[in-house]
Amino acid sequence: MPGAKGFARERAEFAASELLRCSGCLLVRGPKGVGKRTLARKFVASEFGIETESSLLYARSDPASLLLGAKPRLISEWQMASDIWNYIKKDLDREFSFGKYILTQSTYPAEPEIIMHSGAGRMAALELGTATLYDANESLALISLQDFLEGKADVPLLGPDDNPMTLPRLAEIICRGGWPFSLGKDASEGIRRTGAHVRRLLIEESYFPEAAPFLKGRSVETLRLVLTAMARNVGKEARASRMAAEIRSSGAIPRFDEETFASYRRILEKLFLVRRAEAWAPLLKSAVRPMTSPSYRFADTSIACAALNGGPEGLLKDFPAFDAFFHDFAYHELSEYALCFGGEVRRYRDSSGLKVDGILLNSRREYGAIQIRICNSKNIDEAKRTLLAFQEKMTQNGIAPPKFLMILTSHGFMFRDSDGVTIAPINCLRP
C-alpha cells in the first residue's frame, strides 16, 4: 500500500511531539479507550494515574504532590481532581520549561468551577480520536487532502477492480470502528470487542467512574435512550425536539421534552462520545441565507452501531441506514485528517435547500467542497450537480470558489472528470 501506515499513531505522535516543544503542558483528550495514555507514555519519565477511589482521594487531598517526579510527568484522568490544573499553572509560572507535563482526560473536568485559569500560553491541547483507515493500514493512501487544498494534488486513475474495498468490508469497518483494541482482529471479533466496550461505558458505571459526576440525579437508562435515539438518526440533522418525541412515542418516558433531551446530549458530549459539527456560513449577497445551527456526530460511528445492536448484515439489508452510517463514518475520517494540518470540517446548508456534506478548511480558511455518497451512478450524478451549483453560487456572491470539488464514495473507482470534480473512494485518502 503506497504511503500507508501501520497502526502506531504516527500522525498523533508527531503532533504531540510538536506541541510539547512549544508548551509547558500537553493536554491529550478524547473518548475512553482511544489510547491517550499509551500515546503519552512515549514521551514521559514518570506518571500518576487517577484510577481508583484511593488514588482519587489522594489527588484531591494533596494535588501539589502529584507534580513531583521526573519530567516530563504524566497525570492520567486529571479532570477527576480539577485543582491539579491550577497547581500545574502555578508551577509553570514559577519555573517554566517546555514539555514538563502531560495530562490525559476522558471527560470534561468534573468540577470546572475550580479551574482558575484557561491555560493560555502554558498549555496546548491534542484531540485524540479513534483510528482512521490510514492509521489502521486500511487505506491505499493515494491522495492527500492537504495537497488538494493547496492545489497540487494529482488524481491517479483507479479502476473498480483495483480497489479492494467492498460494501461488505466497509460495513464491517463501520461496525468495528477505529478503537485500538479492535484493530487487527478478525472482523467479528473486532465488532464484539467494540460492542462490549460501548455497553460498559453506558451500563456499568463502575467501569467508567469518570462519568459519575455528570450522572448525579440522572438516569443511566435515560442516557442510553438518548444515545439510541441519536443512533437511529445517525448521519442526519434531526432536531432535539424530534428525537425527544421519538422517546415519548416509544412509551419509555411519556413526558420527555426537548430541553431534557439536550441536557442528556450534553453529557454524551462531556464524555467525548458525541461531537458538534458546526455549520459553514459565508456572507452571501443574495437573499439566500446559510443555516448556522450545529448538528451532532458520533466520535466513532461504531458507537451508534453498538447502541442499536446492529451489525454489518443489518446495514447491508437496509441501504438508507447504510448511507446514513457511511455519512457519519466519512465525516469522522475527514475530521481526523483535517486535524493533521490544522484544518476542520464543517457543513453547508442554506434556505434554498442547497446542501454540501463537508466543507474542508485549512488554517488559511481556504476550502474544498465534498459530497459523501454510496457509489452508484445516480448518486454520483446528483452529487456532481449539487457541487457545481454550490461553486456557481459562491462565485456569484463574490466568494472565492472552492479549491476542489470531491465526491467521496464508499468503494469503486477514482478519477477526476472534465468538470474538475474528483470521485474518490474513502479508502484512498491520506491527510
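The values are calculated or read from the model by the stated rules, or taken from the named source; none is laboratory data. Quantities reported herein were computed from a predicted structural model and do not represent experimental measurements. Positions of Cβ are generated from backbone atoms using ideal geometry, with glycine treated the same way; all protein chains shown enter the neighbour counts. Surface accessibility is based on the protein's heavy atoms, side chains included, excluding ligands, DNA and RNA. Shrake-Rupley method; radii C 1.70, N 1.55, O 1.52, S 1.80 Å.
Looking at segment 291-306 only, could you name the residues that are buried (at least 22 other Cβ atoms within 10 Å of the Cβ) and either assigned to a strand (DSSP E or B) or β-branched (Val, Ile, Thr) (or both)? If you could, list the steps in order and put the result at the bottom.
Kept after step one, since they are buried (at least 22 other Cβ atoms within 10 Å of the Cβ), are these residues of segment 291-306: 297-306.
Selection gives ARG297, PHE298, THR301, ILE303.
Here ARG364 passes the criteria (1) under 16 Å from VAL345 (Cβ atoms); (2) in contact with a Cys (Cβ under 8 Å, 6 or more places away or on another chain) except the one numbered (2). The sole residue among ARG266, ARG255 that is in a helix (DSSP H, G or I), open to solvent by 50 Å² or more (accessible area, probe 1.4 Å) and either over 21 Å from ILE174 (Cα atoms) or of a type in the set (Asp, Glu) (or both) is ARG266. Inclusion of VAL288 among residues that are part of a strand (DSSP E or B) and touching a helix residue (DSSP H, G or I) at 6+ places or on another chain (Cβ under 9 Å) is not warranted.
Need at least 2 residues that are surrounded by fewer than 22 Cβ atoms within 10 Å (Cβ to Cβ) and not acidic (Asp, Glu) per element, so show me which helices (runs of 4 or more DSSP H) inside segment 122-211 make the cut, counting only ones lying wholly within it. Reasoning before the result, please.
Details: elements: 145-149, 167-176, 187-203.
Answer list for segment 122-211: 167-176, 187-203.
Residue count for segment 354-379, restricted to those that are open to solvent by 10 Å² or more (accessible area, probe 1.4 Å), in contact with a strand residue (DSSP E or B) (Cβ under 7 Å, 6 or more places away or on another chain) and not hydroxyl-bearing (Ser, Thr, Tyr): 5.
Could you tell me which residue of segment 64-102 is nearest to PHE43 (Cα to Cα), considering only residues that are aliphatic (A, V, I, L, M) and open to solvent by 10 Å² or more (accessible area, probe 1.4 Å)?
At the first step, the residues of segment 64-102 found to be aliphatic (A, V, I, L, M) are 64, 66-68, 70, 74-75, 80-81, 84, 88, 92, 102.
Now drop any that are not open to solvent by 10 Å² or more (accessible area, probe 1.4 Å), which leaves 64, 67-68, 70, 80.
Details: ALA64: 22, LEU67: 16, LEU68: 17, ALA70: 12, MET80: 22 Å.
In this case the residue turns out to be ALA70.
Any residue at all in segment 333-347 that's in a strand (DSSP E or B) and hydrophobic (A, V, I, L, M, F, W, C)? Checking segment 333-347: at least one residue is in a strand (DSSP E or B) and hydrophobic (A, V, I, L, M, F, W, C). Where residues in segment 416-429 are more than 23 Å from the chain's Cα centre (by Cα) and within 18 Å of LYS152 (Cβ to Cβ), which of them is surrounded by the fewest Cβ atoms within 10 Å (Cβ to Cβ)? So the residue we want is GLY420. For segment 380-398, does any single residue satisfy the condition of being in a loop (DSSP other than H, G, I, E, B) and surrounded by fewer than 19 Cβ atoms within 10 Å (Cβ to Cβ)? For segment 380-398, residues in a loop (DSSP other than H, G, I, E, B) and surrounded by fewer than 19 Cβ atoms within 10 Å (Cβ to Cβ): present.
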